[in-house]
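Values in this text are rule-based calculations from the coordinates and carry no lab data. Since the structure is predicted, the reported quantities are computational estimates derived from the model, not experimental observations. Note that each Cβ is placed from the backbone with ideal geometry, even for glycine, and that neighbours are counted across all protein chains shown.
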Amino acid sequence: MENIYLKFYNEQTRKLHKDEVKDIDINLYPYLIFEDPYYMLNHDILIGRLDRKKSFGFLRQELEDVYIEHSNLSDAMHDDIVLVKEDVDPKVIYVVQRALKVLIATVKKHKKGLFFEPEDFIEKRLFVDEYQGLVEGHVVLLEVESIDKVGVYAFVKKVIGHVNDPDINTLKIVHAYEWPQKFSDDVIESLDDIKIDIEKEKKERIDLTDRLIITIDGKDAKDLDDAIDLRYEDNKYYLGVHIADVSHYVRSGSMLDLEAYSRSTSAYLADRVIPMLPHLLSNDLCSLNPDELKLTLSCFITLDDQGKVIDYEIQKSFITSKRRMNYDEVNDFLKNNKSLNNVKIEEMLLMMNELSQKLKVIRKKRGEIEFESSELGFKVDKNGKVLDVYERSTDDAEELIESFMLIANETVAFHMHHSDLPSIYRIHEKPDVVKLKNALQTISRLGFPVNLKQIGKPEPLQVLTKNTANTPYSYVVHMLLLRAMQKAKYSHQKDIHFGLGATYYTHFTSPIRRYPDLILHRLIHLFVLGEGSDLEKLMYHYESVMPDIAKHTSDQERKAVQMERDVAKLKSCEFMEDKVGTYFKATISQMMPSGMFVKLINGIEGFVPLRTLDDYYMYNEALLTFIGRRGKKYRLGDQIKVELLSVDLTEKKMDFGIVDKKIKTKTRRK
């Protein structure tokens, strides 16, 4: 029988309509109440994942994590989905689902022989079935068979490597997420079955090889999904967005398709890319490399002089990219007028930038909120050693590509919806009013005026992000607002994309690295381009499977994002490991009872435990301030100087101490 509590967690809701859960015995669920027609969690019951430490834990919540004392954690383990009774001392009262399915462990040696030391603290004895051929230093993947109050029972599933291997720490993370790294021999062999009759395809597609089509990507990108061209005639922009026709190579139900669906996304780790598709496709056959004939799906969009879409067409095509450009050189041209040695490309890029800015104005008017999230970039050598860490920045070239991909995604979503065709949409629901209100009240305590009358509308949030843009509080405010937002996800039903202010939105532009885009291409071939034979049967099939595809791809995306973050934390720690004792400028980015998080200028984040401070400090939540007995204060958003005290590669965290505090910057009201 399905655990109904788990449905509450998966749906990220506090109430479920009785039609969604069928008939359930309310007596089996003591923490639920029924008010026709809804089943609801008791008002004092929270549900979430547990972030368990050695001496305390946090219930992960969207707005603010709930601190739980060690004595109130019961036998719940790290990452379990649990119910917590909200009280003066919050308490775990029920484990909904155990998270521990696999464990990474290192083989150690003592007098009695070998034993397994788990990577993560589990606060239980670990019992492992015998396994031959292990030596001290081996790193293994254990599969958990069962858990009880006494111990965790597991067996060796795979030997990952040895502690002395150069990239073993990254491999530990990838295996902990059970993310496939290599393609099976069967999948690789199946690539031989891909037979494309290019001459036949050329007869059935629009020939765009005479157009000035280019790609713009990061310097190191190898999977080039998208190419663009633009011309301006009779006060109209004619934009072409040309996307690799991956679904033509990855046939429905093939071994390759099943593998791509299983992964659902490429994973972009700090020191490597784990592709959704084998390199023969991702870097070669499908990648829109320059001077090579490529099969594409093209979205031709006609826009008026202000950037409003007045006509569009979706066709299958073939192109030859005239130049592979990167963001750096395009920005250098647009910002510094550095020549690209091609007048026609330069003229087109200026026109593209002009249209991009017009599209940006339209998005802003309709409610797009420009959230600035912090994303780290890493320079690594061939052995994966981190040479430098920096915060990724977005400039005109990146915005240009983003603008064109957004308008193509919106246009395709509009078409699929109004043609009443099965589709997959990218949706971002309105924020939860309570979470947003709490975030806005916190921001008001930082000294910025907030508008609570229009809560849930984008305009007040646009004002806030604009007014805080050039203040020390910019990052803090953006993070507070982002935590109050819903998570974007895939859906078989159209809904708004709140963050973009878009009525229609989908993912069409990256089928090499995202399965939702690939399945959408397949739907376009079948229904838009009329390549399906039994349309009624196909419509029924895709309408029935699309909810599961949307859920699976959303889950895989979240998993990949978390894995990417864990590797970024690891690589940040590796970079900082030899810098203990060094001073850094930092901003206080988050506060909690046990201390405060700080963000360094290069984007790296760490923690300042209260125990490292020079006095006894109390946290005043109303003022967002730690106040010492001697009167010294530390406030959210303050700029301070910190010293790196320790780096823990296993926990992927670093602790700092405060050296001194700069004069607080006054908030400038607008």
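A few notes on this one:
- Listed from fewest to most Cβ neighbours within 10 Å, the set 465, 394 follows the order 394, 465.
- Share of pairwise Cα separations in the stretch 41-85, more than 16 Å, in percent: 27
- Dipole axis of the stretch 130-202 (+1 Lys, Arg; -1 Asp, Glu on Cβ), positive-most option in 170, 150, 139: 150
- Length released on extending from residue 304 to residue 630, taking residue separation times 0.36 nm less the Cα-Cα span: 110.9 nm
- Paramagnetic label reach from residue 194 (point 7 Å along Cα→Cβ; backbone nitrogen cut-off under 19 Å): within the stretch 248-277, residues 248-267, 273-277.
- In degrees, nearest ten, helix 327-336 long axis to first principal axis of the chain (Cα): 80
- Stokes-Einstein D (µm²/s) once Rh is taken as the Kirkwood radius of the stretch 433-484 over alpha-carbon pairs, at 4 °C in 1.567 mPa s: 120
- Where chymotrypsin sites (Phe, Trp or Tyr not before Pro) fall in DSSP loop in the stretch 345-425, at most 15 other Cβ within 10 Å: 371
- With only the Cα atoms considered, the stretch 349-453 has a convex hull volume of 237 Å³ per residue.
- Simple label model, 7 Å out from Cα along Cβ direction - residue 238 to residue 390, nm: 3.9
- Between helix 433-445 and the chain: long-axis angle, C-alpha atoms, 0 to 90°, nearest 10: 70
- For the stretch 151-206 versus the stretch 467-543, the gap between their alpha-carbon centres in whole angstrom: 26
- Acute angle (nearest 10 degrees) that the helix 474-484 long axis makes with the longest principal axis of the chain, alpha-carbon atoms: 90
- Residue order for 616, 5, 29, 515, fewest other beta carbons within 10 angstrom first, comes to 616, 29, 5, 515.
- Sites residue 202 and residue 159, calculated FRET efficiency, Cβ-Cβ separation with R0 45 Å, nearest 0.05: 0.35
- Label-to-label distance, nm, for residues given as residue 148 and residue 184 (7 Å Cα→Cβ offset): 3.5
- Rg ratio for the stretch 102-165: its Cα radius of gyration over 2.2 N^0.38 Å, N being its residue count, equals 1.05.
- For the chain, the Cβ-based charge dipole about the Cα centre amounts to some 2920 debye (Lys, Arg positive; Asp, Glu negative; other atoms uncharged).
- In the stretch 464-511, trypsin sites (Lys or Arg not before Pro) in a DSSP loop with at most 14 other beta-carbon atoms within 10 Å: 487
- For GluC sites (Glu not before Pro), the sites in the stretch 470-563 that DSSP calls loop and that have at most 14 other Cβ atoms within 10 Å are 531.
- Distance histogram in 5 Å bins (all Cα pairs of the stretch 195-235, percent per bin): 5, 15, 17, 16, 22, 14, 8, 2, 0
- Calculated over the chain, the projected area of the Cα convex hull averaged across directions stands at 34.2 nm².
- For the pair residue 279 and residue 612, the difference between a 0.36 nm per residue extended length and the Cα-Cα distance amounts to 115.0 nm.
- Each 10 Å bin from 0 upward holds the following percent of the Cα-Cα pairs of the stretch 514-670: 9, 27, 19, 14, 12, 12, 6, 1.
- Estimated FRET transfer efficiency (residue 357, residue 109; beta-carbon r; R0 60 Å; 0.05): 0.40
- Fraction in percent of alpha-carbon pairs per bin - 5 Å, the stretch 580-661: 3, 16, 29, 27, 15, 7, 2, 0
- Largest first, the extents of the alpha carbon coordinates of the stretch 1-122 on the three principal axes equal 63, 34, 25 Å.
- Cα centroid of the stretch 298-363 to Cα centroid of the stretch 380-435, whole Å: 17
- For the stretch 4-97, the residue among 31, 81, 13 whose Cα projects farthest onto the positive side of the dipole built from Cβ charges is 81.
- Extension gain from residue 23 to residue 10, taking 0.36 nm per residue of separation minus the Cα-Cα distance: 2.8 nm
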